């Protein structure tokens with residue numbers, strides 16, 4: 001009887017959270033999946049019919065496959081940038097900065113979360129355009145250098161996305177690095193291991209769960225991003241995410257936009273399943 005009441009209590013505590021999750025996530029996904037098999041959006045008295053033409057169009061038109069591959073590459077470049085910048089920052093924050101300063105620097109890492117994303121992106125337009133901060137800094141040292149205009153280029157998109165998603169990488173790595181027991185490092189040093197050997201044999205392997213979590217948290221939203229590519233990339237910012245947004249906002253072809261969204265979702269799930277054995281081995285090790 002006590003076990004039954006205990007299970008009911010646990011069920012009552014978690015039911016609101018799971019109910020809200022089902023209502024806000026799974027129900028909209030189910031509706032969009034239904035839309036993806038319709039000839040047109042069922043609004044304004046229209047009578048749509050069932051079809052697979054939207055999914056077939058993705059595989060029949062090389063343009064959409066090219067944009068998907070371009071978006072996947074964009075995700076890799078942004079993840080690589082976040083790792084190169086975020087790992088050293090998280091390592092310094094977790095292992096070398098004292099407590100009070102650590103809290104202050106952690107707040108600076110989370111600072112992008114406190115500002116509007118649209119404001120953050122527009123601020124980069126002032127930095128990357130001709131006559132912006134980057135151009136002025138280069139001309140201060142090299143007056144005869146040609147204008148440096150990164151705005152409306154692929155690197156501008158990568159820079160803007162790294163700025164937007166870097167906190168996810170830093171915070172997940174910070175938690176993973178901070179959880180490493182100090183006696184392990186002291187034992188390695190007492191056995192004659194240098195700093196690089198200690199990092200290679202102990203710190204980096206134990207931080208891999210946080211690194212993988214950061215990669216997932218960055219890669220998945222980046223490949224479907226549309227605001228940063230549109231504002232910072234111009235013509236060079238055409239990716240599968242911007243095309244999906246156009247289908248919903250400009251063309252009002254919701255079924256085709258929903259089909260493209262679910263194709264991208266299936267690709268992400270396939271990538272996750274491919275890396276699932278590696279993640280299980282890391283968790284077991």
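The values are calculated or read from the model by the stated rules, or taken from the named source; none is laboratory data. Since we're looking at a predicted model, the values are computed, not measured. Note that we place each Cβ from the backbone using ideal geometry, even for glycine, and neighbour counts take in every protein chain shown.
For the range 107-118, filtering for residues that are under 14 Å from residue 170 (Cβ atoms) and either surrounded by fewer than 17 Cβ atoms within 10 Å (Cβ to Cβ) or in contact with a strand residue (DSSP E or B) (Cβ under 8 Å, 6 or more places away or on another chain) (or both) leaves 6.
Within the range 158-170, residues that are touching a residue at least 60 places away in the same chain (Cβ under 8 Å) have Cβ atoms under 7 Å from residues that are outside any helix (DSSP H, G or I) and surrounded by 23 or more Cβ atoms within 10 Å (Cβ to Cβ) in these pairs: 161/225, counting only partners at least 6 apart in sequence or on another chain.
Residue count for the range 119-148 satisfying the condition of being loosely packed, with under 11 Cβ neighbours inside 10 Å and in a helix (DSSP H, G or I): 3. Taking residue 85, is it closer than 16 Å to residue 174 by Cα, surrounded by fewer than 19 Cβ atoms within 10 Å (Cβ to Cβ) and within 16 Å of the chain's Cα centre (by Cα)? The answer is yes for residue 85. Hey, any hits in the range 95-102 for a residue that's more than 19 Å from the chain's Cα centre (by Cα), in a helix (DSSP H, G or I), surrounded by 12 or more Cβ atoms within 10 Å (Cβ to Cβ) and in contact (Cβ under 8 Å) with a residue 12 or more places away in the chain? Yes: one or more hits. Residues that are at negative phi, within 19 Å of the chain's Cα centre (by Cα), assigned to a helix (DSSP H, G or I) and crowded, with 20+ Cβ neighbours inside 10 Å occur in the range 174-193; there is at least one.
So that you can scan it fast, the table gives a plain yes or no per residue for (1) surrounded by fewer than 23 Cβ atoms within 10 Å (Cβ to Cβ); (2) within 18 Å of the chain's Cα centre (by Cα):
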| position | (1), (2) |
| --- | --- |
| 216 | yes, yes |
| 222 | no, yes |
| 230 | yes, yes |
| 238 | yes, yes |
| 247 | yes, no |
| 250 | yes, no |
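If you filter the range 1-54 down to residues that are in a helix (DSSP H, G or I), free of Cβ contacts under 8 Å to residues at least 12 places away in the same chain and surrounded by 13 or more Cβ atoms within 10 Å (Cβ to Cβ), you find that the one that is farthest from the chain's Cα centre (by Cα) is 34. When you check residue 228 against the structure, is it in a helix (DSSP H, G or I) and modelled with pLDDT of 90 or more, yes or no? So residue 228 passes the test. Just one of the listed residues (258, 272) is over 26 Å from residue 120 (Cα atoms), assigned to a helix (DSSP H, G or I), without any contact (Cβ under 8 Å) to a residue 60 or more places away in the chain and touching a helix residue (DSSP H, G or I) at 6+ places or on another chain (Cβ under 8 Å), and it is 272.
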